[in-house]
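Colleague: Below is one structure. I have some questions about it.
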Amino acid sequence: MAGSRMKLELCRVAQGRSRLGVLTGLGRTSQQSLDVPGCLLYTHFGTVPHLTQDTLHTVSNLPAVTQVTLSHIAEHQEVLEEFKDGFRKFAGLHDTVLYCSLHDPAVLCPTGYTTNKTVSVWGSGGRMELTVAKFMALQKTVQPDWYQSMADGETWQSNTSRKRVRKSVDRTLTHLDECLLVHQNSQELEGVEVFGVVEGGDILEERVRSARETAKRPVAGFCLDGFQSGSMDQALKTQLISAVIKELPEDKPRLLQGVGRPDEVLACVEAGVDLFEGFFPFQVTERGCALCFDFDVSLDPERAVLKLNDDQKDTVGETQQNGDPCLDQTQMTSFEINLNDKRYHDDFRPLVEGCGCYCCKNHQRAYLHHLLVTNELLAGVLLMIHNTAHYHGFFGALREALASEKLDVLKRQVIRQRD
């Protein structure tokens, strides 16, 4: 396999592990880049849920990398093979870098369907079994810029046995070797990058072994799997991620799968993670909520406290049962407000004061509440515009905080809103 064109250029490593930089050499022309720490653009079959391409591009500072998943694509393989020009052109994604992962990060997959030779993905038509041959045939059809290697990721549950975790690591390494062999002999995948997957459940020794062995392979970067929100408490998650990262090379990116809550993102960035999947705004939108947490570290302390107290009045009573940061990420969090609540029927403020998105500049909370209670499709459109803009704005603020040595300030601000 030729040397990777993808390069991680670090300009700062703060407090020992938090990394600030740029991932360069992306795309078939190697001319695109992604700021680190960064977030990918989440899609369903190449489309951000609820949004057309024109509507999506009313949002500024979108990432250069779009994530698609085999769980959405696999059942359309025959159509894509007949089309022949790859998924990017099929979906009209002309100016983006395409990353193909195995599963939809917004949905927890059923366990118990993995074998030594296959993994399963779930599409609209049900379960599909993928062998390495089938998996690689799909990659040749999709023609992504980079993809996640096939992996046995069914060990994220806390009650998984040590034997099952060990088997998961062994299978994932075997799948990686088989994928790399096919990749190296495939003209269709020339110039495409492969990310190796680190498994190991909640067992430190297996995490370290998986990371160490995966790092020996000629991969462009690493996917850290099995850390989904709700699968383990944050302290253990941070411990395992820190141990894994010690085994990985400094010059290759680390993508964490299944983590999207702002407080967890900050903790994982401190542990050394570079990239995240952007599914959290979609989950917030689907429950009729709007992201409202504050990440402006330029506010003076007194004003920040006043603003925080005002925001907490909006969320009180809505998230008390969901205040535990270790709960499933599909539950409502304290970083959002529930526009279904009748208290918003006469609230004529924007979703977030000062937000520059189309929704906040043109509509009020009362209007969003009306759209939701009357089941209007426009509710999802406006919420997705705001939530996407707000979430990617948070990542911009995170990079600025790292550059200005204010990460601790940002972390205190976000955690105070969680608590």
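The values are calculated or read from the model by the stated rules, or taken from the named source; none is laboratory data. Bear in mind that the values here come from a model prediction, so they are computed numbers and not experimental data. Neighbour counts run over all protein chains shown; Cβ positions are idealised from the backbone, glycine included. The area values use the complete protein model at the heavy-atom level, side chains included, leaving out ligands, DNA and RNA. Shrake-Rupley method; radii C 1.70, N 1.55, O 1.52, S 1.80 Å.
Colleague: Within region 110-131, count every residue that is in contact with a Leu (Cβ under 9 Å, 6 or more places away or on another chain), open to solvent by 10 Å² or more (accessible area, probe 1.4 Å) and either more than 22 Å from LYS84 (Cβ to Cβ) or not small (Gly, Ala, Ser) (or both).
Modeller: Keep residues of region 110-131 that are in contact with a Leu (Cβ under 9 Å, 6 or more places away or on another chain), which gives 118-121, 123, 128, 130.
Within this subset, residues satisfying the condition of being open to solvent by 10 Å² or more (accessible area, probe 1.4 Å) are 118, 123, 128.
Narrowing the set further to residues that are either more than 22 Å from LYS84 (Cβ to Cβ) or not small (Gly, Ala, Ser) (or both) leaves 118, 128.
The qualifying residues number 2.
Colleague: Name every residue in region 65-85 that is of a type outside the set (A, V, I, L, M, F, W, C) and over 23 Å from the mean Cα position of the chain (by Cα), in order of residue number.
Modeller: HIS76, GLN77, GLU78, GLU81, GLU82, LYS84, ASP85
Colleague: Which residues, taken from region 144-162, are at pLDDT 95 or above and open to solvent by 30 Å² or more (accessible area, probe 1.4 Å)?
Modeller: Those that are at pLDDT 95 or above and open to solvent by 30 Å² or more (accessible area, probe 1.4 Å): none in region 144-162.
Colleague: Next question, about the same structure. Which residue, of ALA401, ALA366, is of a type in the set (A, V, I, L, M, F, W, C) and touching a residue at least 24 places away in the same chain (Cβ under 8 Å)?
Modeller: Of ALA401, ALA366, the one residue that is of a type in the set (A, V, I, L, M, F, W, C) and touching a residue at least 24 places away in the same chain (Cβ under 8 Å) is ALA401.
Colleague: Could you tell me which residue of region 381-406 is farthest from SER60 (Cα to Cα), considering only residues that are open to solvent by less than 10 Å² (accessible area, probe 1.4 Å) and touching a Ser or Thr at 6+ places or on another chain (Cβ under 8 Å)?
Modeller: By that ranking, first place goes to LEU402.
Colleague: I'm trying to understand the selection: among the residues of region 254-277, which are more than 21 Å from SER4 (Cβ to Cβ), in a loop (DSSP other than H, G, I, E, B) and among the small types (Gly, Ala, Ser)?
Modeller: Correct list: GLY258, GLY260.
Colleague: Looking at region 188-234, which of the residues that are more than 27 Å from ASN159 (Cα to Cα) and in a helix (DSSP H, G or I) is farthest from the chain's Cα centre (by Cα)?
Modeller: Among those that are more than 27 Å from ASN159 (Cα to Cα) and in a helix (DSSP H, G or I), it is GLU188.
Colleague: Among the residues of region 168-188, which ones are over 11 Å from SER149 (Cβ atoms) and of a type outside the set (A, V, I, L, M, F, W, C)?
Modeller: Residues satisfying the conditions are SER168, ASP170, ARG171, GLN184, ASN185, SER186, GLN187, GLU188.
For every residue, the table says whether it meets (1) in contact with a Cys (Cβ under 9 Å, 6 or more places away or on another chain); (2) in a strand (DSSP E or B); (3) open to solvent by less than 10 Å² (accessible area, probe 1.4 Å).
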{"residue": "SER4", "(1), (2), (3)": "no, no, no"}
{"residue": "LEU10", "(1), (2), (3)": "no, yes, no"}
{"residue": "LEU23", "(1), (2), (3)": "no, yes, yes"}
{"residue": "THR29", "(1), (2), (3)": "no, no, no"}
{"residue": "ASP35", "(1), (2), (3)": "no, yes, no"}
{"residue": "HIS50", "(1), (2), (3)": "no, no, no"}
{"residue": "ASN61", "(1), (2), (3)": "no, no, no"}
{"residue": "GLU75", "(1), (2), (3)": "no, no, no"}
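Colleague: I've got another one for you. Test PHE335 against the criterion of being open to solvent by less than 70 Å² (accessible area, probe 1.4 Å) and either modelled with pLDDT of 95 or more or touching a Phe, Trp or Tyr at 6+ places or on another chain (Cβ under 7 Å) (or both), and give yes or no. Steps first, answer last, please.
Modeller: Details: open to solvent by less than 70 Å² (accessible area, probe 1.4 Å): yes; either modelled with pLDDT of 95 or more or touching a Phe, Trp or Tyr at 6+ places or on another chain (Cβ under 7 Å) (or both): yes.
Yes: the conditions hold for PHE335.
Colleague: A follow-up question, please. Conditions: (1) surrounded by 18 or more Cβ atoms within 10 Å (Cβ to Cβ); (2) among the acidic types (Asp, Glu); (3) part of a loop (DSSP other than H, G, I, E, B). ASP251 meets all but one. Number of the miss?
Modeller: The one condition ASP251 does not meet is (1).
Colleague: Give me the pairs: first residue in region 157-173 and touching a residue at least 60 places away in the same chain (Cβ under 8 Å), second residue outside any helix (DSSP H, G or I) and surrounded by fewer than 18 Cβ atoms within 10 Å (Cβ to Cβ), beta-carbon distance under 9 Å, and six or more apart or on different chains, which are they?
Modeller: What qualifies is GLN157/THR111.
Colleague: Given LEU275, LEU291, which one is farther than 22 Å from HIS103 by Cβ, open to solvent by less than 10 Å² (accessible area, probe 1.4 Å) and in contact (Cβ under 8 Å) with a residue 40 or more places away in the chain?
Modeller: Details: LEU275 fails: farther than 22 Å from HIS103 by Cβ.
Being farther than 22 Å from HIS103 by Cβ, open to solvent by less than 10 Å² (accessible area, probe 1.4 Å) and in contact (Cβ under 8 Å) with a residue 40 or more places away in the chain holds for just one of LEU275, LEU291, which is LEU291.
Colleague: So for region 302-323 (the condition being open to solvent by 70 Å² or more (accessible area, probe 1.4 Å), closer than 28 Å to PRO105 by Cβ and modelled with pLDDT under 95), does at least one residue qualify?
Modeller: Scanning region 302-323, I find at least one residue that is open to solvent by 70 Å² or more (accessible area, probe 1.4 Å), closer than 28 Å to PRO105 by Cβ and modelled with pLDDT under 95, so the answer is yes.
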